Amino acid sequence: SIQSEALYLLLLVIALLLAWRLAPAPSLKVALALGAVVGLAALTRTEGVFLLALLAWPAGWGATQGRIVRLLGTTAACAVVLAPWVIRNAIVFHKLELSANYVTVIPAANCRDTYYANDIGWWSLECLAHARTEYQFHVGDASPSPGLRYIRRHPARAVLVAAVRVARTFSLYQPLRIGNIEPRRRWFDALGLVLYYPLLVLAVIGAIRLPTRRWLLLAPVWSALIVAAIGWGNARFRIGADVSIVVLAAVALADGGGARVAEIESVGGTGG
């Protein structure tokens with residue numbers, strides 16, 4: 001599926017490279033660039049905004065001197081990039097919001113169909129249809145209220161469903177479940193899993209071996225976990241975490257986790 005993930009992937013890699021450079025060598029210019037890239041990522045996929053707190057702010061924390069300026073600069077650069085779109089939405093729709101996807105995701109992912117049986121943690125077109133008035137159907141809108149009510153009535157079940165969503169997103173539950181939303185060749189997805197599972201194991205080893213700054217590479221993983229838990233389970237939403245999985249797997253394959261890992265750590269540093 002060639003959707004927004006392709007562009008998001010590029011922006012995420014750039015953000016990770018900037019963060020890797022910023023963490024050991026604090027710089028206002030790099031902090032500003034990182035904030036701007038995070039803003040572009042958020043415009044591409046809404047969860048990109050999580051990178052501000054999970055990646056940009058921690059990377060800019062660094063040395064005490066100039067810390068507040070770097071953090072404010074990163075935030076301001078992100079806000080400047082987001083402002084035109086958010087202001088436009090406020091004028092047109094009278095709402096200060098980055099995206100309105102939640103109005104369809106919440107009701108379609110929180111109902112009886114997606115809380116039980118084979119579709120647990122999935123997404124239901126039938127539930128979405130019940131959340132729409134005739135007018136909303138024609139304008140492509142919906143109300144999140146039915147989904148929010150269902151969550152309040154089934155809090156314990158909602159926690160279990162969130163866990164299943166995460167398992168689906170990381171291909172640990174019904175890994176070949178595609179559905180009719182994104183038709184693809186099943187054999188192609190199966191081939192991807194043959195590559196994915198070994199990489200996942202190696203990534204865990206790499207995260208353990210990487211002495212410092214592993215938290216930078218884990219930021220996209222945390223973002224994917226958040227999106228999966230509050231949204232619905234789909235391996236496509238793992239795209240950001242896949243970047244980290246590949247890099248951390250490479251760390252695990254480095255000779256003994258010694259010299260090559262040290263070289264990886266030095267990239268972007270003062271002597272990089």
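Let's see how each residue does on (1) at pLDDT below 85; (2) under 27 Å from F50 (Cβ atoms); (3) part of a helix (DSSP H, G or I); (4) not small (G, A, S):
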site: V92; (1), (2), (3), (4): no, yes, yes, yes
site: L96; (1), (2), (3), (4): yes, yes, no, yes
site: V105; (1), (2), (3), (4): no, yes, yes, yes
site: T114; (1), (2), (3), (4): no, yes, yes, yes
site: N118; (1), (2), (3), (4): no, no, yes, yes
site: G121; (1), (2), (3), (4): no, yes, no, no
site: C127; (1), (2), (3), (4): no, yes, yes, yes
site: Y135; (1), (2), (3), (4): yes, no, yes, yes
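Within the stretch 142-167, the residues that satisfy the criterion of being among the charged types (D, E, K, R) and loosely packed, with under 15 Cβ neighbours inside 10 Å are R149, R152, R153. Selection of the stretch 1-51 for residues being outside any helix (DSSP H, G or I) and within 18 Å of the chain's Cα centre (by Cα) yields S1, I2, Q3, S4, R45. Within the stretch 54-82, residues that are farther than 16 Å from R21 by Cβ have Cβ atoms under 8 Å from residues that are polar (S, T, N, Q) and in a helix (DSSP H, G or I) in these pairs: L54/S223, counting only partners at least 6 apart in sequence or on another chain.
In this structure, does R165 turn out to be under 21 Å from E47 (Cα atoms) and touching a residue at least 40 places away in the same chain (Cβ under 8 Å)? Spell out how you get there, then give the answer.
Numbers: under 21 Å from E47 (Cα atoms): yes; touching a residue at least 40 places away in the same chain (Cβ under 8 Å): yes.
Answer is yes for this residue.
The values are calculated or read from the model by the stated rules, or taken from the named source; none is laboratory data. Please read these numbers as outputs of a predicted model, since none were measured by experiment. Note: ideal-geometry Cβ built from the backbone for every residue, glycine included; neighbour counts use all protein chains shown.
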